[in-house]
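The values are calculated or read from the model by the stated rules, or taken from the named source; none is laboratory data. Worth saying up front: this structure is predicted, and the values here are computed from it rather than measured. Using ideal geometry, Cβ is built from the backbone for each residue, glycine included, and neighbour counts are taken over all protein chains shown. Keep in mind that these areas ignore ligands, DNA and RNA; they rest on the heavy atoms of the full protein, side chains included. Shrake-Rupley method; radii C 1.70, N 1.55, O 1.52, S 1.80 Å.
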Amino acid sequence: MSRFDNRTALVTGSSRGIGRATAERLGAGGALVAVHYATNGDAAQEVVDTILGNGGRAFAVQAELGVPGDVDTLFAGLEAGLKTHNGGDVHLDILINNAGVMGGVPPEETTPEQFDRLIAVNTKAPFFIIQRALTLMPDGGRIINISTGLTKFANPGELAYAVSKGGVEMLALHLARHLGPRGITVNSVAPGITRNDNPVFGIPAAVEQMAQLSTFGRVGEPGDVADVVAFLASDEARWITGAFVDATGGTLLG
Ligand code: NAP
């Protein structure tokens, strides 16, 4: 038996970065994984192929989040994929709300449109994805929302982004209480600076500077965070709910 045998999982934003690493771990552990993406279908298919190549099961689902009808689009694709790949059994055991957009705009210059977009993608979409997912989730399910260390570490240039992630952390606190009787756990995972496709990771001097924020003296790799997420998705984490899990590599130690 593997860790996630007979489980189904949705990882939003898993065409790249932390989401991709998480989808690959869940797939390697035996889960049927829905690899969600917004724009990069080729990258999502590459993730699906990697999981299939390791003997796992996966399919891709496209939906832009933060626009009207986003959750309907996502679940139409998810349910169709589950029906096809899971013998007609449409249920969801594990939900990882990972897709997100960054800000990078000083507080004085943040526009209402930029603010609305951050909230729509990072906060509102996870809320309503959970609402819909719960109609498919059996007792004992797992919900993990990806936050950021910036809810506990001041960086004024990311204020609006941090506000959007502060909101997502409320989902774990309140829904953990609400869903405890069903054995469903809800937790937040907060990455620190983690390598992704941002060009800044191609500038050695910038990477060296960012690395100093971690007590380990390096930037995070997607797998550093994905291992934590996979643990919280597993049976071994059944007694953890409503938690803020610091996966910043010690950045919050000060
Ligand atoms: P990433 O490499 O930038 O990838 C983002 C993923 O989200 C992609 O799969 C992208 O899909 C999808 N996505 C973006 N906007 C979307 C939208 N509007 N609708 C649907 N999907 C969308 O991500 P990452 O850096 O690994 O970050 C993952 C999560 O960790 C995010 O929530 C982020 O806020 C959080 N986080 C990251 C860091 C960091 O340093 N990297 C630090 C703290 C927290 P397509 O590529 O197909 O468009």
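Data for the structure
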quantity	calculated
Given (1) within 17 Å of the chain's Cα centre (by Cα); (2) open to solvent by less than 30 Å² (accessible area, probe 1.4 Å); (3) touching a residue at least 40 places away in the same chain (Cβ under 8 Å), number of the condition Gly220 does not satisfy	(3)
Failed item, numbered, when Gly87 is tested on (1) surrounded by fewer than 18 Cβ atoms within 10 Å (Cβ to Cβ); (2) closer than 23 Å to Asp139 by Cβ; (3) within 13 Å of the ligand (Cβ to nearest atom)	(3)
Count - residues of segment 200-245 that are assigned to a helix (DSSP H, G or I), among the polar types (S, T, N, Q) and in contact with a helix residue (DSSP H, G or I) (Cβ under 9 Å, 6 or more places away or on another chain)	0
Count of segment 3-20 residues which are at negative phi, part of a helix (DSSP H, G or I) and open to solvent by 10 Å² or more (accessible area, probe 1.4 Å)	2
Residue that is farthest from Leu32 (Cα to Cα) [pool: residues in segment 90-123 that are more than 16 Å from the ligand (Cβ to nearest atom) and over 20 Å from the mean Cα position of the chain (by Cα)]	Glu108
Check on Thr185, polar (S, T, N, Q), more than 10 Å from the ligand (Cβ to nearest atom) and open to solvent by 70 Å² or more (accessible area, probe 1.4 Å)	no
Lone qualifier among Asn122, Asn155 - being under 21 Å from Val225 (Cβ atoms) and surrounded by fewer than 16 Cβ atoms within 10 Å (Cβ to Cβ)	Asn155
Residue within segment 16-23 that is more than 11 Å from the ligand (Cβ to nearest atom) and not polar (S, T, N, Q) present	no
The one condition in (1) within 13 Å of the ligand (Cβ to nearest atom); (2) surrounded by fewer than 13 Cβ atoms within 10 Å (Cβ to Cβ) that Pro204 fails to fulfil	(1)
Top-ranked residue in segment 188-199 [being within 21 Å of the chain's Cα centre (by Cα) and outside any loop (DSSP other than H, G, I, E, B); ranked as farthest from the ligand (Cβ to nearest atom)]	Ser188
Residue within segment 226-242 that is of a type in the set (D, E, K, R), within 17 Å of Thr185 (Cα to Cα) and free of Cβ contacts under 8 Å to residues at least 12 places away in the same chain present	yes
